[in-house]
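Data first, discussion second: the structure below is written as structure tokens.
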Amino acid sequence: MEKLKETVDFDSYFDDFLPQPDSVDGCEGGADKKRRRLTQKNLFQLWGLENPNLDLRPSTATSLASRKKQQRLCPFYKRIPGTPFTVDAFCYGSVKGCSAYFLSHFHADHYIGLTKGWSHGPIYCTNLTARLLRICLYVSPSFICPLELGTEYSLNGIKITMLDANHCPGAALIHFCLPNGQCYLHTGDFRASKLMQSYPVLASQRINILYLDTTYCNPKYRFPSKEDVLEFVVGVTRRYLNNHPKTIVVVGAYSIGKEHVYSAISKALGVKIYANASRRRILRSFGWVEISENLSTNGKDTPLHILPISSLRFEILQRYLASQDGQYTTMLAFRPTGWTYSETTGENLNLIKPTSKGNITIYGVPYSEHSNFTELQEFVQFLRPEKIIPTVNVGNAVNRGKIQSYFQQWLKA
């Protein structure tokens, strides 16, 4: 590539494996079925597709066992038209016509299919993601092609730029500019921000097709900014420790992601971060001084501990507290995910009610590394792309129709 300018263990969990909407009730009448078929046909036309017989299921919808039995076709929203490129399409084996496989970020539902035996073609990703591919999945370095963020490259005459996606460490938006002037942007997973409006490649070039992360593309999801949630978490922690000095503070996290939550607590309280050896190895690979210099190898040296987010259940936390040999008498835990958001609470985080059992208190806080509904709207209205293809929650025609109606409303404004 020409440069023009400048075994994850028990801690590994799917960040973005989202339950798909329930299938449409089979009791609908003939007219309703016909209307749904027409709606689906119109959506395919809107996306510029002639053949509706395409696999729309997200890559995590099929069991690993069934994948071994039959080769699935790569869905259209993982292919970049007019190029031999795919994005996050590793579970389909060798994709016909694909000569370069792009990985947006290191979350299992995006890299699934990548193993140390991968040999189907070069993998293009950011430098940080490249390091994770080597140390966690043992992918051969001969297949890994790291790209610098914000730098334009040329591959097969197509200009490619990776941009910070404001998601997990190493996550990127991928911008493709074809020789005919067509520009495509694949967001992978991202949290839209106003800073992205200053990215030169986005501010100066019209996007013809936007492949959009629609995880929270529903008007009921208007959770607060990450900064507001971090301020709330730090405030809760300070008050709790003032009242209960012998408290252990637990933050639930994925193996990649949510680092800013426990980093904010560590910085505000002046304490180190305890994580197991596997997580410490991953965190040190980021090259983030503010985290790597504050990691502790001994849980007794700091009250701030990181556990897998899936383990934030009272029975597990009770055992963990008991394992601290009486050093702590109470536990304060945080479950940071957008799925904890409540319309009743809205942006007033002080209305959040924790759940408590005995000497353990758990706060579910709406800290999300995906865009909320308003942020998606602002991002789309900034780009004003010709076409938008949703990439999440698209396994159901009714849901696709709802998402597309939001796009149409935004672009009319």
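The values are calculated or read from the model by the stated rules, or taken from the named source; none is laboratory data. Just so it is clear, the model here is predicted, and its values are computed rather than measured. Virtual Cβ from ideal backbone geometry, glycine too; neighbours counted across all protein chains shown. Note: accessible area is taken over every heavy atom of the protein model, side chains too, but ligands, DNA and RNA are not part of it. Shrake-Rupley method; radii C 1.70, N 1.55, O 1.52, S 1.80 Å.
Some points to look at:
- Residue in the range 73-100 that is nearest to Cys145 (Cα to Cα), counting only those that are open to solvent by 30 Å² or more (accessible area, probe 1.4 Å) and of a type in the set (Gly, Ala, Ser): Ser99
- Residue check for Gly287: within 28 Å of Ala172 (Cβ to Cβ) and out of contact with any Leu (no Cβ under 7 Å at 6 or more places or on another chain): yes
- Within the range 126-170, considering residues that are open to solvent by 30 Å² or more (accessible area, probe 1.4 Å) and at positive phi, the one nearest to the chain's Cα centre (by Cα): Asn166
- Failed criterion for Pro179 (all others in (1) open to solvent by less than 10 Å² (accessible area, probe 1.4 Å); (2) assigned to a loop (DSSP other than H, G, I, E, B) hold): (1)
- Qualifying residues in the range 325-334 (those that are modelled with pLDDT of 95 or more and not in a strand (DSSP E or B)) - the one surrounded by the most Cβ atoms within 10 Å (Cβ to Cβ): Tyr328
- All of Thr337, Thr374, Thr355 fail the test of being open to solvent by less than 40 Å² (accessible area, probe 1.4 Å), under 29 Å from Leu312 (Cβ atoms) and of a type in the set (S, T, N, Q), apart from Thr337.
- Residue count for the range 340-352, restricted to those that are hydroxyl-bearing (Ser, Thr, Tyr) and open to solvent by 70 Å² or more (accessible area, probe 1.4 Å): 1
- Spans of helices (runs of 4 or more DSSP H) in the range 206-316 with at least 1 residues in contact with a His (Cβ under 8 Å, 6 or more places away or on another chain) and surrounded by 15 or more Cβ atoms within 10 Å (Cβ to Cβ): 226-243
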